[in-house]
Amino acid sequence: MFGSLQWDTLSTLEQQTYYDDHDAFATAVQNSDGCSIRCGEALASSESATVVRFPGEAQALTDGPYAEATEQLGGFYEVEVPSMDVLLGLVKLLPQSYTLEIRPVWEIPD
């Protein structure tokens with residue numbers, strides 16, 4: 001979930017609207033056949049990030065976001081669903097201000 005939202009600038013009522021949308025999403029996933037949330041988290045602001053790069057043999061640390069962009073990763077869900085169509089219906093319950101990137105999980109072969 002990407003966005004440029006400044007959480008601290010929202011009123012308590014506006015913040016509650018976001019919580020309610022996430023609760024509605026989680027409930028809908030739980031109540032949908034073959035669907036489950038494996039994990040999910042909200043992330044701290046990108047300003048608190050530490051980027052680790054490995055140029056050659058060294059380890060280079062940089063404070064701040066990975067990329068200078070107006071939208072940063074704000075959180076994620078890992079959701080098991082029977083089809084992309086089901087997922088596309090469920091994500092309509094998340095806050096409309098988000099930009100969502102949906103990717104399959106790469107399964108490691110046995």
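Just a few scattered comments:
- Residue that is in a strand (DSSP E or B), hydrophobic (A, V, I, L, M, F, W, C) and in contact with a Pro (Cβ under 9 Å, 6 or more places away or on another chain), where the choices are VAL79, VAL51: VAL51
- Count of residues meeting criterion [surrounded by 10 or more Cβ atoms within 10 Å (Cβ to Cβ) and at pLDDT below 65] in region 57-72: 4
- Entry remark, region 89-110: residues being under 15 Å from ALA28 (Cα atoms) and under 15 Å from the mean Cα position of the chain (by Cα) number 6 in total.
- The number of residues in region 1-20 being assigned to a loop (DSSP other than H, G, I, E, B) and among the polar types (S, T, N, Q) comes to 3.
- The criterion of being modelled with pLDDT of 85 or more, in contact with a strand residue (DSSP E or B) (Cβ under 6 Å, 6 or more places away or on another chain) and farther than 22 Å from ASP8 by Cβ does not hold for GLU107.
- Count of region 1-38 residues, restricted to those that are at pLDDT 95 or above and among the small types (Gly, Ala, Ser), is 6.
- The set of residues from region 21-43 being assigned to a loop (DSSP other than H, G, I, E, B) and either charged (D, E, K, R) or loosely packed, with under 10 Cβ neighbours inside 10 Å (or both) comprises ASN31, ASP33, GLY34.
- The set of residues from region 5-41 being under 18 Å from TYR98 (Cα atoms), among the charged types (D, E, K, R) and more than 17 Å from the chain's Cα centre (by Cα) comprises ASP8, GLU14.
- Restricting attention to region 8-44, the residues being touching a residue at least 24 places away in the same chain (Cβ under 8 Å), touching a strand residue (DSSP E or B) at 6+ places or on another chain (Cβ under 9 Å) and not β-branched (Val, Ile, Thr) number 11.
- So LEU93, is it in contact with a helix residue (DSSP H, G or I) (Cβ under 8 Å, 6 or more places away or on another chain), at pLDDT 90 or above and surrounded by 11 or more Cβ atoms within 10 Å (Cβ to Cβ): yes
The values are calculated or read from the model by the stated rules, or taken from the named source; none is laboratory data. Fair warning: this is a prediction, and the values are worked out from it, not measured in the lab. Positions of Cβ are generated from backbone atoms using ideal geometry, with glycine treated the same way; all protein chains shown enter the neighbour counts.
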